[in-house]
Amino acid sequence: MISLGFLTVYEYQEHDYVTEIAKRAHHYGISVYRFTPLSIDPLTEKVNGERFDDESQSWISCMFDIPSLLYDRCFYRSDDRSKKSKPIVQWLKNRPDVTFLGHGFPNKWELYQSVSNHPILSFYTPKTARLHSANDLTRMLRNEKAVICKPEQGSRGRGIYIVKKAGKQLHVIDAFGDTILHVNTRQTLNQWLDSLHSTSPYLIQPLFSFQTDEGNPFDLRFLLQKNEHGQWVERGRGVRIGNTGTFVANISAGATIYPFSEWVHHLSPHKRLLIADGIDTILRSLPPYLEQQFGPLFELGLDIGVTGDGAVWIIDMNSKPGRKIVTETAPHESETLYHSPLRYCQFLAKEVNIQ
């Protein structure tokens with residue numbers, strides 16, 4: 001039997017997802033285990049976790065060897081558990097007897113730096129700089145009306161701020177559209193930046209107008225995965241539309257998902273062709289390039305922004321994406337999401353000769 005370990009920082013993260021995968025695993029000759037990095041005994045290297053039992057269709061607590069294949073769904077925060085878990089996962093990645101379905105990404109800065117060096121993808125990558133000081137901010141604002149500040153390790157729209165020029169002032173606005181600070185002096189700006197950097201390093205980019213005709217923020221989300229032959233396939237695409245007056249279209253911030261076909265149907269033929277060309281170029285070029293730069297991947301969540309003139313921009317890349325874009329726009333495809341990790345495990349097992 002092939003052993004697959006489902007790895008999370010907390011015991012019950014994505015419980016329903018891994019349970020549905022485990023229910024189907026026996027058809028593929030795969031035993032499924034779930035555990036956290038802190039469940040590994042550092043002396044014996046045994047794991048105190050759970051194994052899915054086919055007969056009872058439930059999880060059973062047990063001790064076991066580290067599985068030969070690992071599906072990493074660890075999401076790190078700033079808490080102690082995350083800080084302790086991260087180096088253990090890195091240790092697992094360095095073990096020759098363990099194969100990860102995907103290796104994940106570094107921080108957003110390294111991602112943007114890498115993609116901006118690609119001869120084609122660079123045209124779809126927003127100008128990005130690290131926010132070290134007030135000078136970095138004011139330098140970009142010389143040529144832009146507003147910039148967006150993003151934490152390097154951020155996700156789900158958390159910690160995002162907009163800085164806009166307003167006469168001789170700067171207005172700092174949070175992702176929900178609330179003005180949190182009026183900046184009149186360099187001292188005030190420095191104090192705000194100090195508080196920002198106390199939580200995370202930050203990046204800045206020009207603020208593009210990714211809005212619907214009604215003024216709602218929106219983006220396009222794509223879910224890609226490897227199939228049973230190790231080839232990239234698209235599992236789903238959709239449009240996320242945020243609330244009026246906000247700046248993010250994240251589901252956690254209250255955005256609504258719509259089928260891509262509904263959105264694209266209302267575009268002019270010329271704009272539809274322009275956008276499709278940009279999307280196809282990104283989807284064709286980005287996944288293999290990211291693997292070349294950062295190691296093997298199993299899945300990829302990709303957020304793309306579209307401006308009013310049809311320009312296409314890469315907003316974000318996620319190696320541990322959610323699945324709502326499929327479950328809400330094409331629920332009949334949900335079954336595929338439970339089988340795809342298992343099919344890819346079979347492919348990997350053959351590649352590394354796991355029995």
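The values are calculated or read from the model by the stated rules, or taken from the named source; none is laboratory data. These numbers come from a predicted model, not from an experiment. Please note: Cβ atoms are built from the backbone with ideal geometry, for glycine as well, and neighbour counts cover all protein chains shown. The protein model used for the area step is the full one, side chains on, heavy atoms only, and it has no ligands, DNA or RNA in it. Shrake-Rupley method; radii C 1.70, N 1.55, O 1.52, S 1.80 Å.
Show me the helices (runs of 4 or more DSSP H) entirely contained within region 253-355 in which 3 or more residues are out of contact with any strand residue (DSSP E or B) (no Cβ under 8 Å at 6 or more places or on another chain) and under 25 Å from I21 (Cβ atoms).
Because the criterion is at least 3 residues that are out of contact with any strand residue (DSSP E or B) (no Cβ under 8 Å at 6 or more places or on another chain) and under 25 Å from I21 (Cβ atoms), the helices (runs of 4 or more DSSP H) in region 253-355 that meet it are 334-351.
Residues in region 113-139 that are in a helix (DSSP H, G or I), modelled with pLDDT of 95 or more and not polar (S, T, N, Q): how many?
Of the residues in that region, 4 qualify.
Taking interchain pairs and intrachain pairs at least six residues apart, which have beta carbon atoms under 9 angstrom, with the first residue in region 34-63 and within 13 Å of E20 (Cα to Cα) and the second modelled with pLDDT under 95?
These pairs meet every condition: R34/E11.
Might you check whether a residue that is open to solvent by less than 80 Å² (accessible area, probe 1.4 Å), touching a Lys or Arg at 6+ places or on another chain (Cβ under 6 Å) and not aromatic (F, W, Y) occurs anywhere in region 309-318?
Yes.
So which strands (runs of 3 or more DSSP E) stay within region 1-79 end to end and still have 2 or more residues that are touching a Lys or Arg at 6+ places or on another chain (Cβ under 8 Å)?
In region 1-79, the matching strands (runs of 3 or more DSSP E) lie at 2-7, 30-35, 46-53, 58-65.
Give the residues of region 212-234 that are more than 20 Å from the chain's Cα centre (by Cα) and charged (D, E, K, R), sorted by residue number. Quick ask: steps written out before the conclusion?
At the first step, the residues of region 212-234 found to be more than 20 Å from the chain's Cα centre (by Cα) are 212-216, 228-230.
Selection gives D213, E214, E228.
For residues in region 31-63 being under 31 Å from the mean Cα position of the chain (by Cα) and of a type in the set (S, T, Y), which is surrounded by the fewest Cβ atoms within 10 Å (Cβ to Cβ)?
S61
Would region 90-99 turn up any residue that is assigned to a strand (DSSP E or B) and open to solvent by less than 80 Å² (accessible area, probe 1.4 Å)?
For region 90-99, residues assigned to a strand (DSSP E or B) and open to solvent by less than 80 Å² (accessible area, probe 1.4 Å): present.
Can we say D213 is acidic (D, E) and touching a strand residue (DSSP E or B) at 6+ places or on another chain (Cβ under 9 Å)?
For D213, the condition - acidic (D, E) and touching a strand residue (DSSP E or B) at 6+ places or on another chain (Cβ under 9 Å) - is not met.
Where in region 159-203 are there strands (runs of 3 or more DSSP E), lying wholly inside it, with at least 2 residues that are open to solvent by 40 Å² or more (accessible area, probe 1.4 Å) and charged (D, E, K, R)?
Values: elements: 161-166, 169-174, 179-183.
In region 159-203, 161-166 are the strands (runs of 3 or more DSSP E) which contain 2 or more residues that are open to solvent by 40 Å² or more (accessible area, probe 1.4 Å) and charged (D, E, K, R).
Are any residues in region 130-155 within 30 Å of R73 (Cα to Cα) and either acidic (D, E) or open to solvent by less than 30 Å² (accessible area, probe 1.4 Å) (or both), and if so, which ones?
Going through region 130-155, the residues within 30 Å of R73 (Cα to Cα) turn out to be 130-131, 148-155.
Once the filter is applied, which keeps residues that are within 30 Å of R73 (Cα to Cα) and either acidic (D, E) or open to solvent by less than 30 Å² (accessible area, probe 1.4 Å) (or both), region 130-155 yields L131, I148, C149, K150, P151, E152, G154.
Is it true that S78 is at pLDDT 95 or above, among the hydroxyl-bearing types (S, T, Y) and over 20 Å from P321 (Cβ atoms)?
No.
Yes or no, residue by residue, for (1) within 20 Å of the chain's Cα centre (by Cα); (2) open to solvent by 30 Å² or more (accessible area, probe 1.4 Å); (3) modelled with pLDDT of 95 or more; (4) under 15 Å from D219 (Cα atoms):
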position: A249; (1), (2), (3), (4): yes, no, no, yes
position: T256; (1), (2), (3), (4): yes, yes, no, yes
position: H266; (1), (2), (3), (4): no, yes, no, no
position: H270; (1), (2), (3), (4): no, yes, no, no
position: I279; (1), (2), (3), (4): yes, no, yes, yes
position: L286; (1), (2), (3), (4): yes, no, yes, no
position: E291; (1), (2), (3), (4): yes, yes, yes, no
position: G295; (1), (2), (3), (4): yes, no, no, no
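Among the residues that make up region 16-30, is at least one of them modelled with pLDDT under 95, open to solvent by 10 Å² or more (accessible area, probe 1.4 Å) and within 21 Å of the chain's Cα centre (by Cα)?
No, region 16-30 has no match at all.
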